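K.L.:
Encoded as structure tokens, here's the structure I'll be asking about.
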Amino acid sequence: MSDITLAVTCLSALLLLPWIGAVLCRRVDVLSPVLLFTIYVFIGYVLPIPAFLASVDPVSTSWVNDYGDFERSLRGALWITIAGVIGFYLGYAATRDLIPGVRLPVRRQVPRWRDQRLFGMSVLYVASGLLLFSIGVALIGGPTELLFGLSSRVTLSAGLNYFFYAINLLLVVSLIWWARALSEERLPGVPFWIYTASAVALAALQGSKIILFFFTLAMTLVYHVIRRRVSPVRLAALVVVFVPVLSLYAIYIREYLVLGELRSIESTEGWLWFLWLLVTREFASNFVQLQALTLVVDRVPDVLEFQHGQTLLAMLTIAVPSSWYSEKYLTAPGVFTLAIDPDRWVKEGTTLPPGLIGEMYMNFGTTGVVLGLACFGAVFGLIRRTVKRRGSDPATAVLYALSVAMLAHYIRGEVVSPTVLLLIFALPTLLLLAMALAERRPAPAADRTLGGAIGETIS
């Protein structure tokens, strides 16, 4: 147990290093990729330890847990996590600051929007999204079947994902118009917020917390880059409001719509205590990366052989419906779940995601964790460097926001599914931006306010 304590101490200290550096440099940007990475790793790999050791966490109580050597596997998982964090830091530093001491010039440009094209493409996106989504709803039996099937959305939309994902085009339109308004140094009016609220409500009919979290964080990041840096206090206030709302949404579609009542959480001590129990349960059930990695270390390669990149090949076949090609490659959660608890996969369609670190270990061992996380760090360091150089350019800001907003899904999930979801948003976003943005003209030399200042100081 002392070895586990040492590993936890080392991991916690390692996660504190970027924060100490940011404080010393007076550049504490909580929404930077590296600081968000430390938050997600802390939540997924440090916070679960007490409950995991007491065997009262969701994985210990709900999944098959026949360990060969629990303490050895947990200790190995913690040291592998440390290796992955170091790899991410090295990759991030390599591309974030390729030439130490040299600051890149900020290319401040005034965006020129083709309003007619933007409006026309937006109408096309909205109409296409609503039409395809409506077809999908009709194919599963109508709105009633949709609402009562949200608790098992994987089964509900099997083979029809293209129809249901189309509703996200409405969110893409909202994100672009949000960037347009901020790039013109103004906030959008009431019609925009009515449209956005409607788009979010329709997107919520997919039954996915991840999409709602992803969109909200992307909107926040666009504001953060283009208009004004979001302070830690305001960000904390947003989290305090948004996390309970997201938790209420999850329990509503999972239990209340299906059973007509809430059974998993009972509280007679008021709403605040109920919300606290709800939020802590959602965190505990969604951030189980340490438990999953411990199972991976315990089973690989004794029970499950190293995959040597095979789970990554699922990217080549994931777009093909299973009804058309039943032998297509499984993603890492599918391979992992079949190895530890096949009944959950076969009977319920439920999977346990191994996390980004877990998938890298499943494929290539500890070396794969270090190199894989270094590649991820390098990608996020590069996009951070790009947004720093280009300042408040709306296209750069939107694509940066989408990428960084997906970081949490990578850390807690795997590689393929987050990449597919990112492409579902990024590809139509790129097309709309290409159509709507004209060639930009350089800003006057004196125009160093707002976006220019942000571009110079964002770290």
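FYI, it's all coordinate maths here, none of it is from the lab. Remember, predicted model here, so these are calculated numbers, not experimental data. Backbone-built Cβ (ideal geometry, glycine too); neighbour counts: all protein chains shown.
K.L.:
Based only on other Cβ atoms within 10 Å, what is the fewest-to-most ordering of TRP19, TRP273? Present the calculation step by step, with values, prior to reporting the outcome.
P.N.:
Details: TRP19 15, TRP273 12.
Ranking TRP19, TRP273 by Cβ neighbours within 10 Å, fewest first, gives TRP273, TRP19.
K.L.:
Less than 19 Å from a label point 7 Å out along the Cα-to-Cβ axis of THR280: which backbone N atoms in the stretch 37-75 qualify, by residue?
P.N.:
Those under the cut-off are 43-62.
K.L.:
On the first, second and third principal axes, largest extent first, how far apart are the outermost C-alpha atoms of the chain in Å?
P.N.:
Dimensions of the chain along the principal axes of its Cα atoms: 67, 58, 51 Å.
K.L.:
Which FRET efficiency value, to the nearest 0.05, is calculated for SER231 and VAL303 with the Förster distance at 60 angstrom and r the Cβ-Cβ distance? Write out the running numbers ahead of the final one.
P.N.:
Values: r = 48 Å, r/R0 = 0.80.
Here the calculated transfer efficiency is 0.80.
K.L.:
Can I ask one more? Only four residue types carry charge here, +1 at the Cβ of Lys and Arg and -1 at the Cβ of Asp and Glu. Report the dipole size of the chain about the Cα centre in Debye, rounded to the nearest 20.
P.N.:
Values: 35 positive and 29 negative charges, 480 e Å.
Computed about the Cα centre, the dipole is about 2300 debye.
K.L.:
With the dipole of the chain worked out from charges on the C-beta (+1 for Lys and Arg, -1 for Asp and Glu) around the Cα centre, which of TYR67, ILE49, ALA408 lies farthest toward the positive end?
P.N.:
So the residue we want is ALA408.
K.L.:
LEU437's amide H: which non-local residues (gap 5+, or another chain) put their own amide H closer than 5 Å, with H modeled 1.01 Å from N in plane and none for Pro or chain starts?
P.N.:
Correct list: ARG114.
K.L.:
Can you compute the modelled spin-label distance between THR9 and LEU272, with each label point 7 Å from Cα toward Cβ, in nm?
P.N.:
Spacing of the two 7 Å Cα→Cβ label points: 3.7 nm.
K.L.:
Counting other beta carbons within 10 Å of each residue's own, what order do ASP341, ASP69, ASP298 fall into, fewest first? Provide the component values of the computation, followed by the final result.
P.N.:
Details: ASP341 19, ASP69 11, ASP298 22.
Least to most surrounded, the residues fall as ASP69, ASP341, ASP298.
K.L.:
DSSP loop GluC sites (Glu not before Pro) in the stretch 266-308 with at most 14 other Cβ atoms within 10 Å of their Cβ, which ones? Display every interim value, and only then the final one.
P.N.:
Working: sites: GLU266, GLU269, GLU282, GLU305; in loops: GLU266, GLU269, GLU305.
Of the GluC sites (Glu not before Pro), the ones in loops of the stretch 266-308 whose Cβ has at most 14 other Cβ atoms within 10 Å are GLU266, GLU269, GLU305.
K.L.:
Testing the spin-label approximation: label points 7 Å from Cα along Cα→Cβ at VAL245 and PHE42. State their distance in nm.
P.N.:
Rounded to a tenth, the inter-label distance reads 2.4 nm.
K.L.:
Relative contact order for the chain: what is it in percent, counting Cα pairs under 8 Å that are at least 6 residues apart?
P.N.:
Values: 594 pairs, mean separation 142.7, N = 459.
Rounded, it is 31 percent for the chain.
K.L.:
Still on this structure, please answer the following. For GLN310 and ARG72, FRET efficiency with R0 = 22 Å and r from the beta-carbon atoms, rounded to 0.05?
P.N.:
Given R0 = 22 Å and the Cβ-Cβ separation, E is 0.25.
K.L.:
Starting from the Cα coordinates of the stretch 210-303, work out the convex hull volume and express it per residue in Å³. Can you show the working numbers first?
P.N.:
Working: hull volume 15.8 nm³, N = 94.
Hull volume over Cα atoms, normalised by residue count, gives 169 Å³.
K.L.:
Another question, if that's okay. Please order MET315, MET362, MET406 by the number of other Cβ within 10 Å, starting at the fewest.
P.N.:
Numbers: MET315 16, MET362 30, MET406 21.
By the 10 Å Cβ count, ascending: MET315, MET406, MET362.
K.L.:
Among residues other than LEU36 whose Cβ falls under 12 Å from its Cβ, what is the net charge (Lys/Arg +1, Asp/Glu -1)? Please list the in-between numbers first.
P.N.:
Details: positive: ARG384; negative: ASP29.
Residues near LEU36 contribute 0 overall.
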